[in-house]
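Every number here is computed from the coordinates shown, using simple stated rules; none is lab data. No experiment lies behind these values; they were computed from the predicted model shown. Neighbour counts are summed over all protein chains in view; Cβ atoms, including those assigned to glycine, are modelled from backbone coordinates with ideal geometry.
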């Protein structure tokens with residue numbers, strides 16, 4: 001059974017960076033993965049791409065032919081792919097059946113595509129049905145939105161709408177969490193925002209932020225949105241720093257549980273690297289994110305840097321040892337050849 005991640009999120013949330021990080025991370029743990037670009041406007045991919053939607057349709061061509069703007073052109077492109085998806089599915093089929101690849105889909109950043117437009121949802125549902133794929137949606141949102149109470153409420157609504165629209169196992173993630181401390185002090189602990197606790201505590205901060213006439217006019221709307229999110233009680237967040245190994249291990253463990261990969265893939269039982277990473281991730285599952293990313297961030301960053309330097313030094317020593325062994329083997333082989341030939345080889 002093939003498994004995949006669908007990476008969505010607003011522009012600038014770090015989707016392509018995350019896909020590139022996944023490619024490197026999975027390669028390190030021995031999981032054969034491939035990245036699929038679903039954005040017809042993305043012509044500068046930071047990762048090796050197995051299937052690219054731009055091979056089928058590009059945003060520039062659509063904007064020129066249909067006289068559409070960027071947003072309209074992007075929606076038209078996804079609609080076109082949805083209507084003629086057979087060849088695209090064949091390429092995906094070759095990846096999951098012949099190469100046994102774990103797929104990561106890098107989706108466009110226009111929020112309309114995963115909040116109310118049905119084509120992207122339809123494409124993945126067709127793949128789910130025809131290829132018997134197990135998906136998990138990874139919704140990346142820049143942690144900067146936590147710094148503004150009203151923007152935080154808005155991204156909660158965006159996350160809820162995405163969950164209801166995509167109708168698949170769904171993990172919301174605050175990305176670039178390593179940058180959060182530089183944005184200023186939050187009024188509450190970090191787990192208040194990730195666990196989406198009682199939103200009424202934000203009311204004084206929202207009133208202070210919206211003290212203008214326009215802010216007061218929309219205060220009732222903000223209150224209604226809070227009640228809507230609280231009534232569904234579905235939204236929560238993980239945190240991610242792509243460059244932090246422990247953060248990636250923790251998030252991938254959550255995703256694997258969500259789409260069932262942890263119960264259905266050979267790597268968990270057979271690959272010792274990922275098995276060790278999974279055990280380490282289980283130990284990290286309840287670590288204090290407030291302590292890691294805000295209270296003692298510098299200390300943890302220094303420890304991570306020391307670990308990384310020690311690992312690089314160990315790898316360098318191992319490489320030197322391998323080179324010495326290879327050189328000794330070459331010298332021994334050369335001596336044996338000289339003895340057989342009865343002559344000295346001029347070095």
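General remarks:
- Global form of region 165-261, assessed from the alpha-carbon gyration tensor, a/c cut-off 1.5: oblate
- Legend: calculated FRET efficiency, residue 122 to residue 32, from the Cβ-Cβ distance at R0 = 25 Å, rounded to 0.05, equals 0.35.
- Mean sequence separation of contacting Cα pairs (under 8 Å, at least six apart), scaled by the length of the chain, corresponds to a relative contact order of 18 percent.
- Identified option (computed Kirkwood radius over Cα pairs in Å; candidates (i) 24.5; (ii) 22.9; (iii) 21.9): (ii)
- Distance (nanometres) between label positions extended 7 Å along Cα→Cβ at residue 233 and residue 45: 4.3 nm
- Projected label distance in nm at residue 243 and residue 71, using a 7 Å step from Cα toward the beta-carbon: 3.3 nm
- Full-extension gain in nm, residue 325 to residue 91, via 0.36 nm per residue minus C-alpha separation: 79.9 nm
- Rounded to the nearest 0.05, the FRET efficiency derived from the C-beta distance between residue 340 and residue 308 at R0 = 51 Å is 0.60.
- The length gained on full extension between residue 17 and residue 179, counted as 0.36 nm times the residue separation minus their Cα-Cα distance, comes to 56.8 nm.
- Calculated FRET efficiency for the pair residue 209/residue 112, C-beta based, R₀ 22 Å, to 0.05: 0.25
- GNM top mover of 114, 105, 56 - the chain, alpha-carbon springs below 10 Å: 56
- Residue-averaged [θ]222 nm for the chain, counting only DSSP H segments that reach four residues, each worth -39500 (n - 2.57): -17500 deg cm²/dmol
- Largest GNM mean-square fluctuation across 317, 113, 59, computed for the chain with C-alpha springs under 10 Å, falls on 317.
- Spacing of the two label points (7 Å from each Cα toward its C-beta) at residue 100 and residue 82, in nm: 3.5 nm
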